[in-house]
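> My questions all concern the structure below.
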Amino acid sequence: MDRAQPAGDVAAAVREPATPLQFSALGFGSAGIAGMYRDVTHVQALATVDAAWDAGVRYFDTAPFYGYTKGEHRLGAALSDRNRDEFVLSTKAGRMLTPAHAGGAAVLPGGWSNPFPFTVRFDYTRDAILRSFEDSLQRLGMARVDVLLVHDIGSYTHGHEPETAAHYWRQLSDSGFKALDELRSAGVVRAVGLGVNESAAIVDALREFDLDCALLAGRYTLLEQAVLTDLLPVCEARGVGVLIGGAFNSGILARGRGAPAHGPDGAQPAFNYGSAPREIVTRVERLVAVCDRFGIPLSAAALQFPYAHPAVKSIVTGARSPDEMIDNARGFALPIPPAFWGELKALGLIDQWAPVPGACAAAAHVRELAAERS
């Protein structure tokens, strides 16, 4: 797929430079069908995955933590009749889940609606990662997983207690990376990486270990582009494929696809799993104003923007229903004129150096607008 053009075909395969894998341009994340924030029936979950497949999606991501194993069970069931050679599958490790027996520790949902009855503890050691991987194969009902990602390591998850964050990083550094290397070297998985909410964890990991890819939730969106100067250049130089999740920043950029999800206070739209601060709401209102002038849904722009960067290999989008999935696919394929991106840059709404679809024409439009204002 030409990055200078609209996103187009969601099934367009992008070759991961460090591995023989091909990720579809649009991927599917299973947090939504696992009950993130609100419950989804099993039938609806399966239908949503079917809609993703029919739209051309061939990269699917999950994790044991999603719905406390519900995500893996549901995604595995939905893909069970598909040709295993026709899709790429990733899951994660870093948490151990054990049955919550009667009288034992209470299940802490952590944002999951109606999760399965398990308790969760963090463990990034070699033995735990290998055990988690084997457990995932059982839950998925799959003989193999293509990509294994270390889930939620770093200060975003553990930073409330620096000593705890350091403890878990030592687990990963001392033996967890060895597990990833063993699985990759043996050909059990084809690629390994991190699945995190912060760029710093990926940069730190690359100082110690050769990652093939990294799934970054948010952090490179219409609202956040700091990674343009640190993470993305490093990944591009080292051939580390970046998979972008959270393109809607957990809800606030989903306008045009229905009302955005709301944060914990119930008033402000959701932004990075919390309530959006006023300055973010104001910025989104400015983005919406430009979208309205061009007749473009904000959600479509949010999905297409991060994919323009050459380090980005797939946009992993969540959906709770077939309609949401269809809307995502349509938004990702919607033609957006270069002048739209040029106006966002001219207004300072996205970084001047951010690659955009139709980059050359957009740059010309920026110069034209700047000349008009001078």
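> Would you check if Arg184 is in the same structural domain as Val316 (by TED's automatic domain parsing), in a helix (DSSP H, G or I) and within 24 Å of Gly239 (Cβ to Cβ)? If you could, list the steps in order and put the result at the bottom.
Values: in the same structural domain as Val316 (by TED's automatic domain parsing): yes; in a helix (DSSP H, G or I): yes; within 24 Å of Gly239 (Cβ to Cβ): yes.
So Arg184 fits the description; yes.
> Then there's this: Could you please give the count of residues in the stretch 29-47 that are touching a Ser or Thr at 6+ places or on another chain (Cβ under 7 Å) and closer than 12 Å to Thr317 by Cα? Walk me through it before giving the result.
Pass one, the stretch 29-47, residues touching a Ser or Thr at 6+ places or on another chain (Cβ under 7 Å): 29-30, 33, 35, 37-39, 44.
Adding the requirement that they be closer than 12 Å to Thr317 by Cα leaves 29-30, 33.
The total comes to 3.
Listed here are the residues, each with its yes/no results for (1) closer than 21 Å to Gly241 by Cα; (2) surrounded by fewer than 16 Cβ atoms within 10 Å (Cβ to Cβ); (3) in contact with a Phe, Trp or Tyr (Cβ under 9 Å, 6 or more places away or on another chain).
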| site | (1), (2), (3) |
| --- | --- |
| Gly154 | yes, no, yes |
| His160 | no, yes, no |
| Asp181 | yes, yes, yes |
| Ser185 | yes, yes, no |
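> Given the conditions (1) under 21 Å from the mean Cα position of the chain (by Cα); (2) over 26 Å from Ala200 (Cβ atoms), report the number of the one that Val150 does not fulfil.
(2)
> Let me ask another. Residue check: is Val107 modelled with pLDDT under 90 and either assigned by TED's automatic domain parsing to the domain that holds Ala191 or assigned to a loop (DSSP other than H, G, I, E, B) (or both)?
Details: modelled with pLDDT under 90: yes; either assigned by TED's automatic domain parsing to the domain that holds Ala191 or assigned to a loop (DSSP other than H, G, I, E, B) (or both): yes.
Spelling it out, Val107 is indeed modelled with pLDDT under 90 and either assigned by TED's automatic domain parsing to the domain that holds Ala191 or assigned to a loop (DSSP other than H, G, I, E, B) (or both).
> Another question about this same structure. Quick one: which of Leu206, Leu231 is free of Cβ contacts under 8 Å to residues at least 60 places away in the same chain and touching a Cys at 6+ places or on another chain (Cβ under 9 Å)?
Numbers: Leu231 fails: touching a Cys at 6+ places or on another chain (Cβ under 9 Å).
After ruling out the rest, the residue left standing is Leu206.
> Right, another one. Which of the following residues is without any contact (Cβ under 8 Å) to a residue 12 or more places away in the chain and among the hydroxyl-bearing types (Ser, Thr, Tyr): Ser173, Ser155, Ser132, Ser185?
Working: Ser173 fails: without any contact (Cβ under 8 Å) to a residue 12 or more places away in the chain; Ser155 fails: without any contact (Cβ under 8 Å) to a residue 12 or more places away in the chain; Ser132 fails: without any contact (Cβ under 8 Å) to a residue 12 or more places away in the chain.
Within the list Ser173, Ser155, Ser132, Ser185, the selection yields Ser185.
> Inside the stretch 276-324, can you point out the residues that are over 19 Å from Tyr220 (Cβ atoms), polar (S, T, N, Q) and in contact (Cβ under 8 Å) with a residue 60 or more places away in the chain?
Ser321
> Separate question: Quick check on this structure: which one of Leu206, Leu148 is touching a Leu at 6+ places or on another chain (Cβ under 7 Å), of a type in the set (A, V, I, L, M) and at pLDDT 95 or above? Lay out the reasoning, then the answer.
Values: Leu206 fails: touching a Leu at 6+ places or on another chain (Cβ under 7 Å).
None of the other options fit; the residue is Leu148.
This table checks each residue for (1) of a type in the set (Val, Ile, Thr); (2) assigned to a strand (DSSP E or B); (3) touching a strand residue (DSSP E or B) at 6+ places or on another chain (Cβ under 9 Å).
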{"site": "Phe60", "(1), (2), (3)": "no, yes, yes"}
{"site": "Ala63", "(1), (2), (3)": "no, no, yes"}
{"site": "Tyr68", "(1), (2), (3)": "no, no, yes"}
{"site": "Thr91", "(1), (2), (3)": "yes, yes, yes"}
{"site": "Arg121", "(1), (2), (3)": "no, yes, yes"}
{"site": "Ile153", "(1), (2), (3)": "yes, no, yes"}
{"site": "Glu163", "(1), (2), (3)": "no, no, no"}
{"site": "His167", "(1), (2), (3)": "no, no, no"}
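The values are calculated or read from the model by the stated rules, or taken from the named source; none is laboratory data. Treat the numbers as computed from the prediction; the structure is a model and nothing was measured. Using ideal geometry, Cβ is built from the backbone for each residue, glycine included, and neighbour counts are taken over all protein chains shown.
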